[in-house]
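Written out below as structure tokens is the structure these notes cover.
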Amino acid sequence: MTPRFITSSDIAAAVSVGRARRLLEHALREGFKPDTDPARINIPAGTGHMLLMPSVLGGWTGTKLATVSPDNPARDLPRIQALYLLLDTETLTPRALMEGNSLTALRTPAVSAVAVDHLAPERIGRMLVFGTGPQAHSHITAMAEVREIDEVIVSGRDAARTAATVAHARELGLSARAGGPADVAAADLIVCCTSAATPLFDALLVPDHAVIVAMGSHEPEFRELDSPLMARAQVFVEDRATALREAGDVIQPIAEGVLQESELHELADLVSGRVEVDLTRPRVFKCVGMSWEDLAVARGVVDPTVAPD
């Protein structure tokens, strides 16, 4: 049987940003344990690398094949390209082949929104976004789904891209303007969507009540957040073992002795209420992206009965 091909337009029609968040939370509330997810396989290829991300979630099995080619933008090609293969678990018969970048674009802000929904107050005065790419745009949309936001501030390196990101926020009906790293001092929610290798801002400026999401890096040598912030913060991750393997924001402060492995709290425990949120200090959610998240959204694409709109 030839699996049907599901386009990015099909995915967008089937799963909204809000439903993607509910699909992820539904998987965790069903009892899925992220620590059972296989580690992503990273294979050097050409001038970049290839990622293989398999997972099993109940009656569905799937894997994402993603490629990262840093030289592609100069060729007018995407830096990251992906396909997703979805199979039924019982027979392992391929059921669908999906455009993979659309799944990534949905599940990444969705997992951030799951965390923010459990960590942040009901109303956000100022949300500061670092980055101006697709993930910055989708994170603004996802955060607006779960919280009332008075103002969005965008910190970017390119003026035109920053203006476009501000315009995106305004199209959602949000007050928005351009800003910079110093705006962390008055931010209630800080969202980092960059490819930065070094910290984006000074931890000393971050208010004790702030919630910080860092999703830009999944390599041990890269980080968006500095060690003084991680030392101060209550830190949440998708899965402890995955973070210790891939998240430079976690790995580096642990190596420096300012953060302990035992201090990392997992997303499933946050969702279930097994961990108490400490409102007296910053709360950090560091995500790297896991295979089960793609599969949870892919399941929702083909099964409208799961976490419907």
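The values are calculated or read from the model by the stated rules, or taken from the named source; none is laboratory data. Remember, it's a predicted structure, so these values are computed and weren't measured experimentally. Quick reminder, even Gly has a Cβ in these numbers, built from the backbone with ideal geometry, and neighbours come from all protein chains shown.
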Residue that is touching a strand residue (DSSP E or B) at 6+ places or on another chain (Cβ under 7 Å) and assigned to a helix (DSSP H, G or I), where the choices are Val154, Val129, Val166, Val111: Val166
Matching option when the condition is buried (at least 20 other Cβ atoms within 10 Å of the Cβ), outside the structural domain of His265 (by TED's automatic domain parsing) and either touching a Gly at 6+ places or on another chain (Cβ under 6 Å) or not in a strand (DSSP E or B) (or both), among Leu92, Leu83, Leu24, Leu77: Leu24
Restricting region 132-151 to residues that are assigned to a helix (DSSP H, G or I) and hydroxyl-bearing (Ser, Thr, Tyr), the residue that is farthest from Cys192 (Cα to Cα): Thr141
Strands (runs of 3 or more DSSP E) completely within region 209-274 that count 1 or more residues being of a type outside the set (A, V, I, L, M, F, W, C) and in contact (Cβ under 8 Å) with a residue 40 or more places away in the chain: 234-237, 264-266
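Conditions (1) over 16 Å from His209 (Cβ atoms); (2) aromatic (Phe, Trp, Tyr); (3) in contact with a Ser or Thr (Cβ under 6 Å, 6 or more places away or on another chain), marked per residue:
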position	(1), (2), (3)
Arg123	no, no, no
Leu128	no, no, no
Ala136	yes, no, yes
Ala160	yes, no, no
Ala169	yes, no, no
Val184	no, no, no
Asp188	no, no, no
Ser195	yes, no, no
Matching residues, region 124-136, being at pLDDT 95 or above and either crowded, with 20+ Cβ neighbours inside 10 Å or among the basic types (Lys, Arg) (or both): Ile124, Arg126, Met127, Leu128, Val129, Phe130, Gly131, Thr132, Ala136
Checklist (1) within 21 Å of Ser155 (Cα to Cα); (2) modelled with pLDDT of 95 or more; (3) aliphatic (A, V, I, L, M) applied to Ala255, failing item: (1)
Meets criteria (farther than 24 Å from Val146 by Cβ, in a loop (DSSP other than H, G, I, E, B) and in the same structural domain as Ser155 (by TED's automatic domain parsing)) for Ala196: yes
